[in-house]
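The values are calculated or read from the model by the stated rules, or taken from the named source; none is laboratory data. Bear in mind the structure is a predicted one, so any value in this text is a computation, not a measurement. All Cβ positions, glycine included, derive from the backbone under ideal geometry; neighbour counts span all protein chains shown.
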Amino acid sequence: MSTAKERLTLLIPSIVVETLVIIASRMTTERPATIFLYAFGANFLLLAIWRVFIWPFFFNPLRHLPTVRGPLIGAKVFMLHPRGSITIDWLRTVPNEGLIHFREALNYSFLLATNHRALMDVLHTNSYDFVKPPGGREFLARGLGYGLILSEGDAHRAQRKAVTPAFTIKNIRAMYPLMWTKTQLFLSQLEKEIRMHALPGLHNANPAGFIEIGGWANRLTLDIIGPAAIGRDFQSLENENDPVSQNYSAILKPSPDLILLFGASLLLPQWLVKLIPCKANIVLPRNVRYLRQVFHDILREKRKFLESEKSEQEAAEGDILGTMMRGGEFSDSELVDQMLTFLAAGHETTAGALTWCCYHMCIEPHIQDKLRQEIRETIPSPAALVSWQDLEGMPYLNGVCQEVLRLYPTVPMTGREAIRETMVAGKKIPKGTTIALCPQSINRSPDFWGETADQFLPERWIDTNPETGKQSPNKHGGAERAERDDHLRTGDRHPQDLTMAVVSDTPTGYLNNLTPEQEAKLREFWVIIFTSVASVLSAVYDVPVSEGPSNKLFEALDRINEPSVEAIVAALKGEDANGETTTGIAPAETNGDTNGHTNGDTDGETNGESNGGINGHISGETNGDSKEKKSLDKVDSLMNKDAQKTIMSELATRKVSPEHFATLFTQLRKLGVQESEIKSMESILAQMTPQEMCFAILKMVKQEHPDSLLLRFLRARKWDIGKAFSMMTSTVLWRKEMDVDDDILPKGEGYALEQSKTSKSVKDKKDGTDFIEQLKMGKSFLHGFDKQGRPVNYVRVKIHKPGAQTEETLERYIVHVIESTRLIVVPPVETGTIVFDMSGFSLSNMEYSPVKFIIKCFEANYPESLGLLLIHNAPWIFSGIWRLIHGWMDPVVASKVHFTKSVADLDKFISRTQIPRELKGDEDWQYEYVEPEKDENAIMEDTATRDKLMYDRMMIGIRMLAATAAWISATTFAEGKEDPEAVDELKLRRNSVIEEFRVNYWKLDP
């Protein structure tokens, strides 16, 4: 019996042929124009039938996802009030694994993201595979301009980089006094209005009345955002007729006309939407023109100020606009767009949150009383000076604010459209698919927030020490899955900042979940990395590295006066511009001083204070900048394109010797590393050029967070830093010998396919053929995720035939599979799952050498990368083999092995909806190999661009090391004077550079 798809495949050509026959029969009697109309009408009808009734139900790749059925479902999702109400019901009633499918008019498909992994894929992992729906984006840009919120792709990256310096913790905290002063004025104005509109019959000394809190909240936040964003106080709290406030209110206030225009924008081009005869099409351009003129005037005033001498003294206290203007990244028109965006988005969203907060304080007076008590105990009088320590030290206040943002996110619903085929929640998403993102729904999901998901409970954000009773704020709200990043809760849509929710029972020792002791070990490991970098520099530029403290490498930083390689080398050698020796880092007599001074001299110090930290001694602080921050600013200034040729040439040609690594080996001996291991490292390092050493680390990190990589080695070696570094060094050599980063990965399947077809060498042709055959037969394949979010690799053991491939080819194939899996692992997940399908296994399938190789890979070269290994449906004959294999395994790896017999057993680890039908799961999916297209890797042959990107990666890597050094200097080497505010700012800056590092990888490996 034929399938529906086969019947349709036969039916459609028949209809087309019949249509052509009818047209042909009329050609002798009808005019050409009539024939054309017949043909056009028939084809249009066929296309409509195909698009509306056939493709959505029989060919749409999304049709197998959990689907909500009904007419105009999409309109209900996006238009029904309150926003997100219908999707909350879906989350609670429709079983799903991260995505729900629904259809709109004409059966157009939409998706709804229902969990954190799906949100992560859209907003972070594959963020540049999506754009905001173009129609809605163009309409919003009429009022907001193409600022940070509405920009896309490279423009968004550039804008975000330019404005990030204005959003450091330090700058935000600097706004607290302004917020406090404006809030006092806000309360005073509210009291006046209540007295003016007091309800009759109540005590006049303490009157009660009605006020419209939303309008006042808008005016308050405008008066805060104005000075902070553009340096202009609009004083709208004192002037209800302030034109800026009125114009913004007219633009942002929902009205039937605006809703009509927005809906039309989703269907029609914007030029046509502007022709619709309605009041909003007249008022909106007029309001925007007024605001643009105001902002152009402010821009001219600001430019005059920045050109004055006075501006140099006040630069450190500048507003966001001043920061952007000093950066020189924006034209005047772009700066006006940014001002429109910041004032509109900033004051409107904050005002909304404040309004909801007041609402809950009114309907739940016991919460109001408790909050008032905490504030009065911390801040005795409204006239008192408030500090950031006061505001951030009130756990109940934090809980109230967090609950408001959880239940009423500033962006309750938004959408994204895929601009290319991509993956979301383990599912392939076709180009053009629109995905609805609804933080409002996820923030009320019982799956994450328990039975109290709908209740306003500030206590969920408070941790209490069971021993002392002391309360402190937490960042996860007691949810089953903690949203580590506040932006998800608030609906903020900056993909670079979004990190995935972390399972609450994740053990310590992983990124974002380190104990103080473990973080200290991580920093110590980084110190060893720094010394390694210094050793490479010593080999390249003949800069002797002293065997003293690690900080000596960085003591020369403050004496670098120009952004050139020559200046850096001169400073490291301890020479000034005239070639005369200064302190530098060259070895000298120390008179027993271990703080990096030379002959007791304190040259270069300011304020008589020395710094024993990794960043060496930097000049004294000014304008509140830390020594570490000034170091980072200087390192950033040194990255220049002119250095590329010199650095690349020197790295490739110089050689290293054990003497260059003397300081490193001294440090390792102090850590307890045995001489035999040091000899082994010497042997490894002697086989590599400085370029291979630098690039090996840069390539090994790939898109991963560098801390995650280091933590893998630390966990694998029980937090012994010396052994972890030794293991890492061995891994670097192994990757070089296996040609992982220069051959297996970059050449990949395309090269093997070409080998199999065109190679004249018998060996090369067989190697290529064997490699491709394993892919074609599906000996192993990646598909879906387990219940912990780990990607799953299925291995069909019965397909393997010993001796069918050479050992070298088989090992290359195994490494290719492991590396491909690494690329789709998304934080906080750091491991993968392997399912060995033993169905149909016999002794003729058993080969021990690849098994040993896989075990060695996970134990020695990919430590802590295996999360779970399932041996499924193994026959009794395998039991004897297993006893032998088990003896080869490290106990940690062996503990991750589980035997399963049925799909019910697999379901304990992998949801049935993710298990393919061949293993009796519910996933209607079959492995099918698609050969690489002939020129799909042609871009990789552009070696000039590749080298440029690799150089960029090295420069970002240097900045990352500098940022890490600053972080360590402010913590490990702070000598008890750690400044939490400075540390937080340095961490943010470091994370920003690490994000650049991640983005660079995907440019390098398109």
- Are any residues in the stretch 752-771 surrounded by 17 or more Cβ atoms within 10 Å (Cβ to Cβ) and in contact (Cβ under 8 Å) with a residue 24 or more places away in the chain, and if so, which ones? Leu753, Asp767, Asp770, Phe771
- Message: I want to confirm something. Restricting to the stretch 391-420 and keeping residues that are in a loop (DSSP other than H, G, I, E, B) and free of Cβ contacts under 8 Å to residues at least 60 places away in the same chain, which single residue is nearest to the chain's Cα centre (by Cα)?
- Response: Tyr408
- Here are some conditions: (1) surrounded by 17 or more Cβ atoms within 10 Å (Cβ to Cβ); (2) part of a helix (DSSP H, G or I); (3) among the acidic types (Asp, Glu). Glu377 meets all but one. Which one does it not meet? (1)
- Does Asn171 fit the bill of being in the same structural domain as Pro254 (by TED's automatic domain parsing) and either modelled with pLDDT of 85 or more or closer than 20 Å to Thr350 by Cβ (or both)? yes
- Query: Got a sec? Which strands (runs of 3 or more DSSP E) wholly within the stretch 829-941 have at least 2 residues that are touching a Ser or Thr at 6+ places or on another chain (Cβ under 9 Å) and not assigned by TED's automatic domain parsing to the domain that holds Asp707?
  - Reply: 832-837, 866-872
- Top-ranked residue in the stretch 196-213 [being within 20 Å of Tyr359 (Cα to Cα), part of a loop (DSSP other than H, G, I, E, B) and not acidic (Asp, Glu); ranked as modelled with the lowest pLDDT]: Pro207
- Would you please list the contacts, defined by Cβ atoms under 6 Å and residues six or more apart or on different chains, that run from a residue in the stretch 93-110 that is on the phi > 0 side of the Ramachandran plot to a residue that is among the β-branched types (Val, Ile, Thr)? Gly98/Thr114; Leu106/Val52; Asn107/Val52
- Message: All but one of (1) modelled with pLDDT under 85; (2) basic (Lys, Arg); (3) outside the structural domain of Arg289 (by TED's automatic domain parsing) hold for Lys132; state the number of the condition that does not hold.
- Response: (1)
- Query: What tally of residues in the stretch 869-881 results from selecting those that are surrounded by 14 or more Cβ atoms within 10 Å (Cβ to Cβ) and within 14 Å of Leu843 (Cα to Cα)?
  - Reply: 3
- Task: Residue by residue through the stretch 832-872, note down the ones that are more than 17 Å from Met727 (Cβ to Cβ) and touching a Gly at 6+ places or on another chain (Cβ under 7 Å).
- Result: Gly832, Thr833, Gly867
- Note on the structure: Picking from Thr410, Thr452, the residue that is exposed (fewer than 14 other Cβ atoms within 10 Å of the Cβ), within 29 Å of Gly98 (Cβ to Cβ) and among the polar types (S, T, N, Q) would be Thr452
- Looking at the stretch 882-897, which of its residues are exposed (fewer than 15 other Cβ atoms within 10 Å of the Cβ), under 15 Å from Phe836 (Cβ atoms) and within 35 Å of the chain's Cα centre (by Cα)? Ala894
- Message: Quick check on Ala158: is it small (Gly, Ala, Ser), in contact (Cβ under 8 Å) with a residue 12 or more places away in the chain and farther than 28 Å from Glu421 by Cβ?
- Response: no
- Residue match in the stretch 350-370 (condition: crowded, with 16+ Cβ neighbours inside 10 Å, among the hydroxyl-bearing types (Ser, Thr, Tyr) and more than 23 Å from Ile211 (Cβ to Cβ)): no
- Does His124 satisfy being touching a Pro at 6+ places or on another chain (Cβ under 6 Å) and in contact (Cβ under 8 Å) with a residue 12 or more places away in the chain? yes
- Selection status of Gly432, among the small types (Gly, Ala, Ser), more than 30 Å from Leu65 (Cβ to Cβ) and either surrounded by fewer than 20 Cβ atoms within 10 Å (Cβ to Cβ) or free of Cβ contacts under 8 Å to residues at least 60 places away in the same chain (or both): no
- Message: Taking the condition of being crowded, with 19+ Cβ neighbours inside 10 Å and either within 19 Å of Arg117 (Cα to Cα) or free of Cβ contacts under 8 Å to residues at least 40 places away in the same chain (or both), how many residues in the stretch 455-475 meet it?
- Response: 0
- Message: Conditions first: (1) assigned by TED's automatic domain parsing to the domain that holds Leu111; (2) within 30 Å of Leu299 (Cα to Cα). Glu348 passes all but one, so which condition is the exception?
- Response: (1)
- Message: For the stretch 230-255, which positions are surrounded by fewer than 22 Cβ atoms within 10 Å (Cβ to Cβ), assigned to a helix (DSSP H, G or I) and touching a helix residue (DSSP H, G or I) at 6+ places or on another chain (Cβ under 6 Å)?
- Response: Asn247, Ala250, Ile251, Leu252
- Can Phe102 be described as aromatic (Phe, Trp, Tyr), over 18 Å from the mean Cα position of the chain (by Cα) and at pLDDT 80 or above? yes
- Query: If the Cβ limit is 6 Å and pairs must be 6+ apart or interchain, which residue in the stretch 857-880 that is free of Cβ contacts under 8 Å to residues at least 40 places away in the same chain pairs with which residue that is among the polar types (S, T, N, Q) and surrounded by fewer than 17 Cβ atoms within 10 Å (Cβ to Cβ)?
  - Reply: Asn873/Ser839
- Does Gly803 satisfy being farther than 20 Å from Gln914 by Cα and either at pLDDT 90 or above or part of a loop (DSSP other than H, G, I, E, B) (or both)? yes
